[in-house]
1. Pop the C-beta distance of residue 89 and residue 282 into the FRET formula with R0 = 30 Å and round what comes out to the nearest 0.05.
2. With Rg and the Kirkwood Rh both taken from Cα atoms, where does Rg over Rh land for segment 95-249?
3. Suppose R0 equals 45 Å; then what is the FRET efficiency for residue 43 and residue 262 from their Cβ-Cβ distance, rounded to the nearest 0.05?
4. Per the helix-only calculation at 222 nm, which mean residue ellipticity applies to the chain, given -39500 (n - 2.57) for every DSSP H run of n ≥ 4 and division by its residues, nearest 500 deg cm²/dmol?
5. So if the hydrodynamic radius of segment 147-225 is defined as the Kirkwood radius over C-alpha pairs, what does Stokes-Einstein give as its diffusion coefficient at 20 °C and 1.002 mPa s, in µm² per second?
6. Enter the per residue convex hull volume of the chain, computed from alpha-carbon coordinates, in Å³ rounded to the nearest integer.
7. Select from segment 116-176 those trypsin sites (Lys or Arg not before Pro) which occupy a DSSP coil region and have at most 12 other Cβ atoms within 10 Å, ordered by residue number.
8. Using 0.36 nm per residue of separation minus the Cα-Cα distance, give me the extension gain between residue 222 and residue 54 in nm, one decimal.
Amino acid sequence: MIDVLSIFSNCKRFSIIFLVVLSCSSCNLIGVEAEKSDHLNDISKGYNYALEVAYGKNSNIKMDIHTPQTLEGNPAEVIILLHGGGWTTGEKRFLKPTVDILIGQRRNLAIINMDYHLKLDSTKGNLLQTQLADLAEAFAFLRQNAEKYNIRKDNFRIFGISAGAHIALMYAYTSGDAGIGAVVAGSAPTDLAIKEMLDRSLWTRVEKLTGKKYGQAENVFKEDSPLYVASARSPKTYLIYGLRDSLVSPIQGKVLADKLQLLNVPTLLNILNDEDHNLSPQRTAFYILRSYE
């Protein structure tokens, strides 16, 4: 595995060469292939929409559920979308362009676009744990209502962008949920423990996320980082970054991909020459669908 401190100490000197070597338009998945979808390619003739559905204990936190209508009537695959916004801002409507593109693909794919807590309900605690609890409630709600929406109860995919990608990875790696088929993470911070690996503008947001200040409780920052909690039990992982990203360095993806490959977790790292931090909806939709291959 790459020495993160060594990477950072030489970052200014080597970052351009390092990222150009890494960048590619198509990378192969490394590791053992996971189970493929049986019915994703059933053709959808339209979609049903259930908007602003309360899914957990906090009735103000909602999800939009888009379910396909197919001739075959097989239960739909499920993708759960998590927006970005630095953990403390943002909303699900940010990912509506991706939702629209996925709907236009006419696959047997249920698209769940969800909001999550952006602040704690109390004055103390760990915001990330609250956000992971939101995801747990979303999974439970979808499984409890699988017949109603005609969706599968397993083989779920989670997609997140930026902070949402960090949350998606953390849930996929720590929940112990065997029903996650893959996680797709765009522009994801993977190491919160070394603050110099993050843009300075994210430092106070990470402190709000963890409930700790940098310089204290280093173990908390590691426990809240996908890089340190990934294990051989982690699901298939797709890591997507833009070479022009000035907020989250693609190095964050490289160090995680290296660890996952050592653990023999099926992994794809793709660094796109023409993308920045806000990956295009076309690219995000492409990799969501590719995760079912």
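1. E between residue 89 and residue 282, to the nearest 0.05, is 0.80.
2. Here Rg/Rh amounts to 0.97.
3. FRET efficiency, residue 43 to residue 262: 0.65.
4. -10000 deg cm²/dmol
5. 155
6. So the per-residue hull volume is 116 Å³.
7. Here the trypsin sites (Lys or Arg not before Pro) that fit, given the DSSP loop and packing criteria, are 119, 124.
8. Between residue 222 and residue 54, full extension yields an extra 57.3 nm.
Any read-out appearing in this document is the output of simple, stated calculations on the displayed coordinates, not a laboratory observation. This one's a predicted model, so the numbers in the text were calculated from it and none came from an experiment. Neighbour counts run over all protein chains shown; Cβ positions are idealised from the backbone, glycine included.
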